[in-house]
Amino acid sequence: MKKISLFLILVTFSTIYSQQELGLNYYFSKDVTLNKSIPTPESILGYQVGEWHPSHDQVINYLTILSKASSRLILENRGVTHENRPLILLTITSEKNHQNIEKIKEEHFKLTESTISKNLNLEKMPLVINQGFSVHGNEASGINASILLAYYLAAAEGEHIENILENTIILLDPSLNPDGYQRFSTWVNMHKSNHLNLDGNDREFNEVWPGGRTNHYWFDLNRDWLVIQQPESRVRIKTFHQWYPNITTDFHEMGTNSTYFFQPGVPSSTHPLTPILNQKLTKEISNYYAKALDKIGSSYFTEENYDDFYYGKGSTYPDINGGIGILFEQASSRGSAQNTENGLLTFPIAIKNQLTNAIATLDAGINLRLDLLNYQRNFYVEAAKKAEQDKTKALVFYDEKDATKVTILAQILNQHKIKIHQLKEDTKLNGKLFKQANSYVIPLQQKNYLLISSMFEKRTKFADSLFYDISTWTLPLAFNVTYDSISDKKMIGDEITNISFKTKKPLGKSEVAYLFEWHDYNTPKALNKILSKGIRVKTAMKSFTQNGKLFDFGTIQIPVQNQSISSEEIYKLLNAIADETGIEITPSSTSLTDGIDLGSANFENIKNQKVAMFVGDGISSYDAGEIWHLFDIRYQMNITKLDINRINRFNLSTYTTLILPSFSGKLDIQTVDKLKEFVQNGGILIGYKNSVKVLSEAKLLTVNLKKVKPEMQNVSFEQRREFKGAQEIGGAIFEVNLDRSHPINFGISTNKIAIFRDTEIFIEPDSTHFKHPIQYTKNPLISGYISNENLKAISNTIPFKVENLGRGKVIGLTDNVNFRAFWLGTDKILMNAVFFGPLM
């Protein structure tokens, strides 16, 4: 037995190295002829693809050299990541097509214009194929396959490749997430053994927190196509709308013990706005993948596990834009090689499977070219018909108090090439007043009618109860803006060609005080800049009126006298801050008001904040990244990232606020004591999502959690997974009532608001408490999927709890109020907890 085991080990290692030594012959079929004058990856990298994980700069260097060596490739740098890495794109086609590339782009673009597309001759029109790799940085077989794909397209010779190049424009994005990939490649290379270790427990295969999946701010870039909050997403959306690709591929990896997946996904989990023909064409394209993988003997599966519902992913965004999106999932070696339930899995095997299907996509494209071009043309023709038949002629959104937030929403829509117009005049719709000044109008009779519909729809009925991602994403609810439909085209004003932030009114000088309401999205940024200069600042605990203007709860007052700097310096500082943030600051010439006077005790002092957040093992890197991004990018505030495993080494008394993002671990006694001491001495401790449970177990926060026990009668063994999955709230939108006088709600101008939820944590209301500042309504579901059991459970529960502990406060939030950086409507809740926590 020992002899047999030793023999198998020797064979295994021999297999690994022989595959690497095969070189290009391993990756390409024998009938492929390659131009020897084109530099191979090995000639530049110094090793064969799959032997090591090249760094991102090595990949870029090779592709740059390759583009200079071949007239088929044009390399374009479209921007940079947060870490200043280039976001390149290779445009690959025949030399003849390159000479006429702008004309080809122009003609292809006309396919999306329903009024002129019928006149286009499709017989000679190239198909546009967009191939994107490794949006998750630690799914490295994609980017490595892209190196070989680029080489193949530059070096291959013969009739077949000439046919591909003549009839397609290939947009090759080799690395959708350069920063994440760089983290991962460094990790794997630094832990790779000379004699490959196949044990999955080895450090090589187990990254430290947060891993390489996400970008610099720990965002999952494959959830950002629709809301485009990250620079990587913005450049790829710009490219997409310049070309409107017919096929977009998205190369991923999944669990090591899996095989290979390609779409179509679960048939019942396709978004209803996606045309049926889209799925039929996806099925036809998938036949090419099956044939290609069968040829090399690789196992695969389709129509399981993965869906086509959320349009914010790389494989679904094309579906609502007239193209076909294709998701690939390769079992991940997560390093050089591992033993798996399906046998030995090496990095070269993973790369070969991805490369095989990248090439198969090109074969599918040239054979289905006319079908795909016709589909795209008809997609927009049919969309135009639906828009014409729609009784709603436009959508309007507005926020009287927050011009910044509505403008950010308008800019997001405009990046998707959605046309935005002015409102013709002030108007009332269903009892809601829309003023022209802060309103934006979206005419529905434009080519992106279906995309607009997907962004604004509310949906509560679904064909399936399982979702790979969120089940709803209604953008006006995310931004907490007033919105409605317009049935009269006469209310649509002129198109806005430059969507920019409003110009502020000139700031007058005061010797008494300056005031600004807390409604504008940029007010936390402004307040932090003021406090950081050592200036005394107060906030109004009650509303008041001065000179006919109503100032709401939370209004900020900057007294002019008894400050550390002169009145002239204060004026210049506030003027500069108003210019930068766009907020409206009002000079006050008297302390008298109709209500609380400016010298009243109902104006509470606010301190400069020093905030820290726990990160590390057990912490949700997504939640932590969203908070970091909010502070650093949105508000330009420092937030110190403290490793939770080293908490006993830190002097927590130097911070005013500690944030514990969703945490799946357990706090030890020493950590609990340290946090308790911090709060008792006047600190604010904020817990997110599962951290509410953790703080409750540590007896730092008292909550009564409602338990949900779904009925499991008549659930078969086969149905057990689906039943369990249906009890999860993967992402839905719910309505809450607000007590606007409570500091947690300062700056929110409505008595109800939409909150995003992706947890099953339900806090029972405290019967002896004052009015709960945030409480779910009796029937709270606005949009998205929730099981009947959970819908009953969430009714009248509370997502916010605050308790005194010594001189400080412990605050619990069951929901993510900063979800994916686009749920701007509830960002203020966290910032209120930070700035106004001591007042709660």
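The values are calculated or read from the model by the stated rules, or taken from the named source; none is laboratory data. It should be emphasised that the depicted structure is a prediction, and the values quoted were computed from it without experimental measurement. Please note: Cβ atoms are built from the backbone with ideal geometry, for glycine as well, and neighbour counts cover all protein chains shown. The accessibility values were calculated without ligands, DNA or RNA, using every heavy atom of the protein model including side chains. Shrake-Rupley method; radii C 1.70, N 1.55, O 1.52, S 1.80 Å.
When residues in segment 635-649 are screened for being crowded, with 17+ Cβ neighbours inside 10 Å and over 15 Å from L830 (Cα atoms), 3 of them pass. Condition first: open to solvent by less than 100 Å² (accessible area, probe 1.4 Å), modelled with pLDDT of 95 or more and aromatic (F, W, Y). Can you find one or more residues in segment 710-726 that meet it? No, that holds for no residue.
Within the set of pairs 6 or more residues apart or between chains, which connect a residue that is at positive phi inside segment 724-740 to a residue that is open to solvent by 30 Å² or more (accessible area, probe 1.4 Å) and among the acidic types (D, E) with Cβ atoms less than 8 Å apart? If the second residue must be open to solvent by 30 Å² or more (accessible area, probe 1.4 Å) and among the acidic types (D, E), the pairs left are G731/D758. Given the criteria closer than 30 Å to F822 by Cβ and not in a loop (DSSP other than H, G, I, E, B), does S500 qualify? No, not satisfied.
Okay, residues lined up against (1) in contact with a His (Cβ under 8 Å, 6 or more places away or on another chain); (2) open to solvent by 10 Å² or more (accessible area, probe 1.4 Å); (3) closer than 18 Å to L171 by Cα; (4) without any contact (Cβ under 8 Å) to a residue 60 or more places away in the chain:
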site	(1), (2), (3), (4)
S43	no, yes, no, yes
G46	no, yes, no, yes
P54	no, no, no, no
L63	no, no, yes, no
L66	no, no, yes, no
S71	yes, yes, yes, yes
L89	no, no, yes, no
N100	no, yes, yes, yes
K105	no, yes, yes, no
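Within segment 610-622, residues that are over 10 Å from I639 (Cα atoms) sit with their Cβ atoms under 6 Å from residues that are small (G, A, S) and surrounded by 19 or more Cβ atoms within 10 Å (Cβ to Cβ), at 6+ positions apart or across chains, in these pairs: V615/A624; S620/S662.
Listed here are the residues, each with its yes/no results for (1) hydroxyl-bearing (S, T, Y); (2) closer than 20 Å to L355 by Cβ.
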site	(1), (2)
R183	no, no
N215	no, no
Y244	yes, no
T249	yes, yes
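Of note, I237 satisfies the criterion of being over 22 Å from G335 (Cα atoms), assigned to a helix (DSSP H, G or I), of a type in the set (V, I, T) and under 16 Å from the mean Cα position of the chain (by Cα). Taking segment 344-365 as the range and being farther than 14 Å from I296 by Cα and open to solvent by 30 Å² or more (accessible area, probe 1.4 Å) as the test, the residues that pass are L344, D363. Of all residues in segment 170-199, those being assigned to a loop (DSSP other than H, G, I, E, B) and among the charged types (D, E, K, R) number 2.
Residues in segment 796-816 that are in a loop (DSSP other than H, G, I, E, B), out of contact with any Phe, Trp or Tyr (no Cβ under 6 Å at 6 or more places or on another chain) and open to solvent by less than 30 Å² (accessible area, probe 1.4 Å): P799, T814, D815, N816. Kindly evaluate D294 against the criterion of being out of contact with any His (no Cβ under 7 Å at 6 or more places or on another chain) and either modelled with pLDDT under 95 or within 16 Å of T248 (Cα to Cα) (or both). Against the criterion (out of contact with any His (no Cβ under 7 Å at 6 or more places or on another chain) and either modelled with pLDDT under 95 or within 16 Å of T248 (Cα to Cα) (or both)), D294 does not qualify.
Within this structure, F205 fails the test of being among the hydrophobic types (A, V, I, L, M, F, W, C) and crowded, with 23+ Cβ neighbours inside 10 Å. Against the numbered list (1) buried (at least 23 other Cβ atoms within 10 Å of the Cβ); (2) closer than 27 Å to T640 by Cβ, L176 comes up short only at (2). Where helices (runs of 4 or more DSSP H) fall wholly inside segment 41-120, the ranges with 2 or more residues that are at pLDDT 95 or above and of a type in the set (S, T, N, Q) are 56-69, 95-99. Given the criteria in contact with a strand residue (DSSP E or B) (Cβ under 8 Å, 6 or more places away or on another chain) and either open to solvent by less than 10 Å² (accessible area, probe 1.4 Å) or in a loop (DSSP other than H, G, I, E, B) (or both), does G265 qualify? Judged against the criteria, G265 is a match. Scanning segment 386-403 for residues that are open to solvent by 10 Å² or more (accessible area, probe 1.4 Å) and either touching an Asp or Glu at 6+ places or on another chain (Cβ under 8 Å) or without any contact (Cβ under 8 Å) to a residue 60 or more places away in the chain (or both) gives E388, Q389, D390, K393, L395, K401, A403.
In segment 285-312, the residue that is farthest from F467 (Cα to Cα) out of those that are open to solvent by 70 Å² or more (accessible area, probe 1.4 Å) and not in a loop (DSSP other than H, G, I, E, B) is K295.
Being open to solvent by 20 Å² or more (accessible area, probe 1.4 Å), part of a loop (DSSP other than H, G, I, E, B) and either over 18 Å from W823 (Cα atoms) or of a type in the set (D, E, K, R) (or both) holds for only one residue in D632, D617, and it is D617. Go through segment 763-780 and give me each residue that's open to solvent by 50 Å² or more (accessible area, probe 1.4 Å), modelled with pLDDT of 95 or more and either under 19 Å from T539 (Cα atoms) or not charged (D, E, K, R) (or both). Hit for segment 763-780 is N779, nothing else.
Starting from residues that are aliphatic (A, V, I, L, M) and either modelled with pLDDT under 95 or touching a Phe, Trp or Tyr at 6+ places or on another chain (Cβ under 7 Å) (or both), keep the ones in segment 461-498 and report whichever is farthest from I442 (Cα to Cα). Step by step, filter segment 461-498, then rank; the result is L466. Right, I408: open to solvent by 10 Å² or more (accessible area, probe 1.4 Å), part of a helix (DSSP H, G or I) and either at pLDDT 95 or above or β-branched (V, I, T) (or both) or not? Here the answer is yes, as I408 does meet what is asked. If you filter segment 145-172 down to residues that are open to solvent by 10 Å² or more (accessible area, probe 1.4 Å) and touching a residue at least 24 places away in the same chain (Cβ under 8 Å), you find that the one that is farthest from the chain's Cα centre (by Cα) is G158. Please identify the pairs in which a residue from segment 443-457 that is among the basic types (K, R) has its Cβ atom under 8 Å from the Cβ atom of a residue that is at pLDDT 95 or above and assigned to a helix (DSSP H, G or I), counting only partners at least 6 apart or on another chain. Qualifying pairs under 8 Å: K447/T112; K447/Y380; K447/A383; K447/A384.
If the condition is being outside any loop (DSSP other than H, G, I, E, B) and crowded, with 22+ Cβ neighbours inside 10 Å, then segment 744-762 contributes I744, N745, A754, I755, F756, R757.
Of the residues examined, G599 is not one that is within 19 Å of V802 (Cα to Cα), in contact with a Pro (Cβ under 9 Å, 6 or more places away or on another chain) and surrounded by fewer than 19 Cβ atoms within 10 Å (Cβ to Cβ). Being surrounded by fewer than 14 Cβ atoms within 10 Å (Cβ to Cβ), touching a residue at least 60 places away in the same chain (Cβ under 8 Å) and either outside any loop (DSSP other than H, G, I, E, B) or on the phi < 0 side of the Ramachandran plot (or both) is not true of K461.
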